[in-house]
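Trainee: Here it is, the structure, as structure tokens.
The values are calculated or read from the model by the stated rules, or taken from the named source; none is laboratory data. Predicted model only: the values in this text are computed from it and were never measured. Don't worry about glycine lacking a Cβ; one is built from the backbone with ideal geometry, like all the others, and counts go over all protein chains shown. Keep in mind that these areas ignore ligands, DNA and RNA; they rest on the heavy atoms of the full protein, side chains included. Shrake-Rupley method; radii C 1.70, N 1.55, O 1.52, S 1.80 Å.
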Amino acid sequence: MMADVLQNLARQFVLPVTLVVLLVTSAGTALAQSGRLEVQPATATLTNSRARQQFVATWYDAAGNARDVTSEVNWSATSAATVQIQGGVAVPVSDGAAEVIATFGDRTASSQVTVTGSGTALPVSFDTEVLGALTKAGCNMGACHGSPSGKGGFRLSLRGYDAPFDLRTLRKEFDSRRINLFDPDASLLLRKPLMEVSHGGGRRLHVGDAPHAAIREWIAEGMKTDEANTARLERIEILPHGRILQFPADRQQLIVQGYFTNGEVRDVTPLTVFSSSSEAVASVSEAGLVEKQSRGETAILARYLDKMDTVEIKFLEDVPGFQWNDPAELNFIDQHVNAKLRQLQILPANLCSDDEFIRRVTLDVAGRLPTVAETQAFLADGSENKRTVLIDRLLASADYANFWGLKWSDVLRANSGALKPEGVAKFNLWVRDSVDRDQPMDEFARELLTATGSVFENPAANYWRASRDPNDATETTAQLFLGIRIQCAKCHNHPFERWTQDNYYGIGAAFARVGRKTTGNKMDELIFVKRDGEVTQPRTGKTMPVHLLLQGDVEVTPEKDRRAVFAEWLTADDNPFFARSIANRIWGHLLGRGIVEPVDDFRDSNPPSNAALLDALASEFIAHGYSRRWLIRTILLSHTYQRSARTNEFNEADELYFSHATTRMLTAEQLLDAICAVTQVPEQFAGMPAGFRATQLPEPPTDHYFLKVFGQPQRQMACECERSSESNLGQALQMINGPTVHNKLRDDAGRIKRLLDAGADDATIVTELYLSAVSREPDTAEMQAALAHISASENRRWALEDIGWAVLNTKEFLFQH
């Protein structure tokens, strides 16, 4: 009751959050009468004199809302002779058992602590403590000594991925001049990051902190190497596993538990590196304290050595005036999106208008503007299901196959430099046919990955003409079908992800036996499976077996195609990557941004904005036979897709949760085709028949300045990022006074001249320009301004061309909305 009163006061008088927390804390006894206290971890074992264990205390009020009270409770132990408690951290004193007790108001909670080996001072482990300390201090970051050339003559492996190399560097390089075994505190390895000696990297250590203590003790002990039976880290786990914090709760202490090969569980929080996926929502300190910056959610990534874990933290608060408007939920997509929006108190936009919808969906599905006739017929249609009918008609059209074939050809790198002109033509037709007949996506991927034979007779084999070696095939396949940018792991363990060099080269082993040879046609190439071919891990020199992510190494008999083994794993229903990656990629094309964004950058430090939605999309995608047409149709039919781009006061800041449509510039091909459609003057492409659209081109032309300026990719990368969507001055100049717009508006065969020749009046011509460009008639002000300009001009045709130019330069035309 008291908490409710204080929260209401805070909202009424806009009290600072910190003051509210103090007020609520002062009423701890009242809170304790209607809630419960919890301590984590529930049990802990301290196995040597240097062991420590951080505890977290959480208060749950009567409504079940959690609040971190780790710094507010009174900590004690039932046996001070066994365990001492220092600010919520248990320190061993002697062997035995004790309870660590947290007291908050009139409530208590406890954790059972067992101490063994209190008289044993285990040596500092280089592999699990010193490397962790160097990483925590940032000494081995890419911008510091972890760079390929190091800094100041001192080089470490990036984030400790190569322990033997780092050990040799510290123990032997330059006769160990960085280390003073007789006086550890005089070691340059400590003095420089303590700033006792000039250090370009600034202060990285503080006397007595965990990284400093680990490095100093290791030096004092004689820089010992780890024994062969030293326990290795298997995984880490963050506690609590996730948290939803309702105002006034504004912080959360985290603990990281390390699980080792000998069965031990140790608190590794002091040597863990933390980061927040959204610093605007919450920051996280080096000690793992998450502090709110604004309403929203963030994922906290914890990294210790080469292991990672993430938790989602949400900070919620009531937004003054917010009232859920119960928008229609047309399918499961809306249910998941609306659940997130309601929780975060973001009010979704209303449905877009019919004119906005026909333009949006035609561009998204067919890659073109709707015709004037299509627009007029749709706007005049009074049936309730007309949007569904339009979607189905577009998905059955040749334009759909052309446009979505273009999307796949872009990332599959269909360019004549790699595939030769005839190969590009055949490959594009194969991709387009796959889209047109709705080939299941798992079948599409398997056909590409296992293709053999002539690239002309079996166009899917062009995948291996573009991917010329195992490394290229690894990076391309991972990005296309797993949504993983694994390139970093080629040279070292991925700095922001769990993937290692062994993972990278293990995947490459699946593609090491792809053979290539010429045929009688020098433009053709034959893809076949060789009987030999291996991949060697460059750091260890080990011959790598085929590796399947999260599953492990697999044995493949000599007579079996390794690619088939990989492809079967990739497209299995229980694969954790494939369906989610494809569903997210398609969602990103339709909504303007992925649930994971960028769409091909899945990693622990880049979590989905709505994990439940992505999981549901992937699950339903699998259940419907990996049908791309089904998935696109389902997304298009959702209220979420059909929302207006117009924001309200509750969603204007939302860029993540799909509460409104995302405006985005037309792609290069769409824009050129749109200009051609409005002016009715087609573009002439070399070697292509008259009337051929940019979205139908088999590959990007090398000499088309307009398309280049507006970001058409050259298909050199298997990455959506190659297509630029950023606006620039060159684009503005092209639209304002470039030859493409200018010449098409003034063409004697164009729309304006033909309408004039047909005797159309000014209002009719202006109306048709608007309908063709933005799928609506001009409003009263626009019509009046246009007619006034025409009547004031000496040359009627030039005045109408001015109107056309003005319409083509509006944001409404240039952007999809």
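Trainee: Are any residues in region 146-157 open to solvent by 20 Å² or more (accessible area, probe 1.4 Å) and touching a Gly at 6+ places or on another chain (Cβ under 9 Å), and if so, which ones?
Mentor: Across region 146-157, the qualifying residues are PRO148, LYS151, GLY152, ARG155.
Trainee: Can you give me the number of residues within region 412-425 that are of a type outside the set (A, V, I, L, M), crowded, with 20+ Cβ neighbours inside 10 Å and on the phi < 0 side of the Ramachandran plot?
Mentor: Going through region 412-425 one residue at a time, the tally reaches 2.
Trainee: Looking only at region 120-153, which residues are in contact with an Asp or Glu (Cβ under 8 Å, 6 or more places away or on another chain) and either among the small types (Gly, Ala, Ser) or at pLDDT below 90 (or both)?
Mentor: The answer is SER125, ASN140.
Trainee: If you scan region 281-312, which residues turn out to be among the hydrophobic types (A, V, I, L, M, F, W, C) and touching a Gly at 6+ places or on another chain (Cβ under 7 Å)? Walk me through how you get there before you give the answer.
Mentor: Residues of region 281-312 among the hydrophobic types (A, V, I, L, M, F, W, C): 281-282, 284, 287, 289-290, 299-302, 305, 308, 311.
Result: VAL281, LEU305, VAL311.
Trainee: Further question: Of everything in region 55-98, what is of a type in the set (S, T, N, Q), open to solvent by 20 Å² or more (accessible area, probe 1.4 Å), assigned to a strand (DSSP E or B) and within 22 Å of GLN257 (Cβ to Cβ)? Give them in sequence order.
Mentor: GLN84, GLN86
Trainee: Taking the stated definitions as given, is ASP185 in a helix (DSSP H, G or I) and modelled with pLDDT of 90 or more?
Mentor: yes
Trainee: Looking at region 332-352, which of its residues are open to solvent by 10 Å² or more (accessible area, probe 1.4 Å) and part of a loop (DSSP other than H, G, I, E, B)? Step through it out loud before you land on a result.
Mentor: Pass one, region 332-352, residues open to solvent by 10 Å² or more (accessible area, probe 1.4 Å): 332, 335-336, 339-340, 342-343, 345-347, 350-351.
Scanning region 332-352 gives GLN345, ILE346, LEU347, ASN350.
Trainee: Same structure, new question: For ASP355, indicate whether it is open to solvent by 10 Å² or more (accessible area, probe 1.4 Å), within 30 Å of GLU812 (Cα to Cα), at pLDDT 95 or above and of a type in the set (D, E, K, R).
Mentor: yes
Trainee: For region 102-124, enumerate the residues that are within 41 Å of the chain's Cα centre (by Cα), under 18 Å from ILE85 (Cα atoms) and not polar (S, T, N, Q).
Mentor: Within region 102-124, ALA102, PHE104, ALA109, VAL113 meet the criteria.
Trainee: Please note which helices (runs of 4 or more DSSP H) are completely contained in region 459-514 and include at least 2 residues that are within 16 Å of GLU447 (Cα to Cα).
Mentor: Here the list reads 462-466, 470-477.
Trainee: Starting from residues that are among the aromatic types (Phe, Trp, Tyr) and more than 33 Å from the chain's Cα centre (by Cα), keep the ones in region 658-696 and report whichever is least open to solvent (accessible area, probe 1.4 Å).
Mentor: Step one: filter region 658-696 for residues among the aromatic types (Phe, Trp, Tyr), giving 658, 685, 692.
Then keep just the ones that are more than 33 Å from the chain's Cα centre (by Cα); that gives 685, 692.
Numbers: PHE685: 19, PHE692: 48 Å².
So, considering only residues that are among the aromatic types (Phe, Trp, Tyr) and more than 33 Å from the chain's Cα centre (by Cα), the one least open to solvent (accessible area, probe 1.4 Å) is PHE685.
Trainee: ARG251 fails exactly one of the following numbered conditions: (1) charged (D, E, K, R); (2) buried (at least 20 other Cβ atoms within 10 Å of the Cβ); (3) more than 30 Å from THR58 (Cβ to Cβ). What is the number of that condition?
Mentor: It fails just one condition, (3).
Trainee: May I ask you to list the residues in region 697-726 that are open to solvent by 20 Å² or more (accessible area, probe 1.4 Å), touching a residue at least 40 places away in the same chain (Cβ under 8 Å) and part of a loop (DSSP other than H, G, I, E, B)?
Mentor: PRO698, GLU699, GLN714, GLN716, MET717, ARG723, SER725
Trainee: Return the total of residues in region 788-799 being open to solvent by less than 50 Å² (accessible area, probe 1.4 Å) and out of contact with any Asp or Glu (no Cβ under 7 Å at 6 or more places or on another chain).
Mentor: 2
Trainee: For region 748-787, how many residues meet the condition of being of a type in the set (Val, Ile, Thr) and open to solvent by 20 Å² or more (accessible area, probe 1.4 Å)?
Mentor: Counting residues in region 748-787 that are of a type in the set (Val, Ile, Thr) and open to solvent by 20 Å² or more (accessible area, probe 1.4 Å) gives 3.
Trainee: Return the residues of region 527-542 that are in a loop (DSSP other than H, G, I, E, B) and aliphatic (A, V, I, L, M); say none if nothing qualifies.
Mentor: Selection gives VAL535 alone.
Trainee: Out of (1) open to solvent by 10 Å² or more (accessible area, probe 1.4 Å); (2) under 19 Å from PRO682 (Cα atoms); (3) among the hydrophobic types (A, V, I, L, M, F, W, C); (4) out of contact with any Phe, Trp or Tyr (no Cβ under 7 Å at 6 or more places or on another chain), the odd one out for LEU745 is which?
Mentor: Unmet condition: (4).
Trainee: Next question. Kindly indicate the residue of region 42-51 that is modelled with pLDDT of 95 or more and open to solvent by 30 Å² or more (accessible area, probe 1.4 Å) and also farthest from the chain's Cα centre (by Cα) among those meeting that condition.
Mentor: THR45
Trainee: Do any helices (runs of 4 or more DSSP H) lying entirely in region 385-430 carry at least 2 residues that are out of contact with any Asp or Glu (no Cβ under 6 Å at 6 or more places or on another chain) and modelled with pLDDT of 95 or more, and which ones are they?
Mentor: 386-395, 398-411
Trainee: Which of the residues that make up region 140-172 are under 23 Å from VAL207 (Cβ atoms) and in contact with a strand residue (DSSP E or B) (Cβ under 9 Å, 6 or more places away or on another chain)?
Mentor: CYS144, HIS145
Trainee: Now for a different question. Could you please find all residues in region 140-165 being touching a residue at least 12 places away in the same chain (Cβ under 8 Å) and closer than 20 Å to ARG498 by Cα?
Mentor: ASN140, MET141, GLY142, GLY146, LEU156, SER157, LEU158, ARG159, GLY160, TYR161, ASP162, ALA163
Trainee: Taking the residues in region 543-571 that are out of contact with any helix residue (DSSP H, G or I) (no Cβ under 8 Å at 6 or more places or on another chain) and assigned to a loop (DSSP other than H, G, I, E, B) as candidates, determine which candidate is most open to solvent (accessible area, probe 1.4 Å).
Mentor: GLU555
Trainee: Still on this structure: Restricting the first residue to region 448-467 and requiring it to be over 13 Å from GLY423 (Cβ atoms), which pairs with a second residue that is charged (D, E, K, R) and open to solvent by 10 Å² or more (accessible area, probe 1.4 Å) meet a Cβ separation below 7 Å and a spacing of at least six or different chains?
Mentor: Here the result reads THR450/ASP561, each pair linking region 448-467 to a residue that is charged (D, E, K, R) and open to solvent by 10 Å² or more (accessible area, probe 1.4 Å).
Trainee: On to the next question. Just one of (1) buried (at least 23 other Cβ atoms within 10 Å of the Cβ); (2) within 21 Å of VAL599 (Cβ to Cβ); (3) in contact with a His (Cβ under 7 Å, 6 or more places away or on another chain) trips up GLY483, so point out which.
Mentor: (3)
Trainee: Name the helices (runs of 4 or more DSSP H) wholly inside region 597-689 in which the number of residues that are within 19 Å of LEU406 (Cα to Cα) is 2 or more. Give the steps one after another, and end with the answer.
Mentor: Details: elements: 611-623, 628-636, 668-679.
Those helices (runs of 4 or more DSSP H) span 628-636, 668-679.
Trainee: So which residues in region 104-117 are more than 14 Å from GLN53 (Cα to Cα), buried (at least 17 other Cβ atoms within 10 Å of the Cβ) and touching a strand residue (DSSP E or B) at 6+ places or on another chain (Cβ under 7 Å)?
Mentor: PHE104, ARG107, ALA109
Trainee: Only residues that are buried (at least 18 other Cβ atoms within 10 Å of the Cβ) and either without any contact (Cβ under 8 Å) to a residue 24 or more places away in the chain or of a type outside the set (A, V, I, L, M) (or both): list them for region 610-619, please.
Mentor: Across region 610-619, the qualifying residue is only ASN610.
Trainee: Okay, next question. Of the residues SER409, SER397, only one is among the polar types (S, T, N, Q) and surrounded by 20 or more Cβ atoms within 10 Å (Cβ to Cβ); which?
Mentor: SER409
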